[in-house]
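The values are calculated or read from the model by the stated rules, or taken from the named source; none is laboratory data. What you see is a predicted model, and the numbers here were worked out from it, not measured in a lab. Here the Cβ positions follow ideal geometry from the backbone for every residue, glycine too, while neighbour counts run over all protein chains shown. Side chains included, ligands, DNA and RNA excluded: accessible areas come from the protein's heavy atoms. Shrake-Rupley method; radii C 1.70, N 1.55, O 1.52, S 1.80 Å.
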Amino acid sequence: MNLPRARVRRPWRLAAEASALLVAVVVAFPLYWMVLSAFKPAGEIESAEPRPWTLAPSLDSFRRVFGQQEFGRYFLNSLLVAGTVVIASALIAFLAATAVTRFRFRFRTTLLIMFLVAQMVPVEALTIPLFFLMRDFGQLNTLGSLILPHIAFSLPFAIWMLRGFVKAVPEALEEAAYMDGASRARFLWQILFPLVFPGLVATSVFSFISTWNDFLFAKSFIISDTSQSTLPMALLVFYKPDDPDWGGVMAASTVMTIPVLVFFVLVQRRLVSGLGGAVKD
């Protein structure tokens, strides 16, 4: 009886696997082309007949990238901004998610709805108001003008996602901890924090990627002081309207991708469990 069912389901399974493979190829091909173009000689990049391979790989594009005087500073600035946003948004979101889940106060439901509404507003629509806000606070041409907006935009998603993890922790566990003499602070950091840590990792990945790849805020808020620029701004060094250096652009983009991949590899196990917990909730 099981054989006919297996035979019926097999074509559907093959179709699903083929569809998944096709989607993976479509998603991975731009990354492959970026890395390939970074290793291609200038003649092959500018050729009228592009080929999906190269027989003469070259490191000239990477030499031009690392030969830029400010490239190392741009990298450190991006690392500082992304790291600060990840740590700050994770801690604030954890405390806020605990507050809206464990405590009852006025306008709690309204606050949760505002978190959702905040995610519906396009970032582009708030760039100009944020520019004037940063100007009034004297934060233009500083890394603070990049850190503060990214923390603000990361919090609604992080709070809403962590709310499910905090809610999944039984209140009986909290009561048992208090009966054993644990203070609220001890329960918060030694019991609750490790239990929701996979959720923190999942939200941190999204905040890290969005901050690391940001170009809009970096272009809008860092106007004259190039020492405060981040890696996405380094791409403008190689892109000139009259004579773009596509090899340099692709090599710089490849270098930018490496920290994201390293961060993802380091947290992938926690990320899977965190996303699984979010879906289960």
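Could you state the accessible area per residue of the chain in Å², with a 1.4 Å probe and every protein chain left in place? Please report the intermediate quantities before stating the final value.
Numbers: 17260 Å² over 281 residues.
For the chain, the per-residue accessible area is 61 Å².
Give the relative contact order (percent, whole number) for the chain; include only Cα pairs under 8 Å separated by 6+ residues. Averaging sequence separation for qualifying contacts and normalising by length gives 30 percent for the chain.
The share of accessible area on the chain that comes from carbon and sulfur is 67 percent, using a 1.4 angstrom probe. With the convex hull of the Cα atoms taken as the outline of the range 12-57, the averaged projected area works out to 3.9 nm². Label-to-label distance, residue 190 versus residue 29, with points set 7 angstrom from Cα along the beta-carbon direction: 5.6 nm.
The C-alpha atoms of the chain occupy a region whose extents along the principal axes are 73, 72, 33 Å, arranged from largest to smallest.
How about the range 17-89: which GluC sites (Glu not before Pro) there lie in a loop by DSSP and see at most 13 other Cβ atoms within 10 Å? Show your work: numbers first, answer last.
Numbers: sites: 17, 44, 46, 70; in loops: 46, 70.
Within the range 17-89, the qualifying GluC sites (Glu not before Pro) (loop, at most 13 other Cβ atoms within 10 Å) are 46.
Can you tell me the mean projection area, over all orientations, of the convex hull of the range 3-122's alpha carbons? Units nm², please.
On the way: hull surface 66.3 nm².
Its average projected convex-hull area is 16.6 nm².
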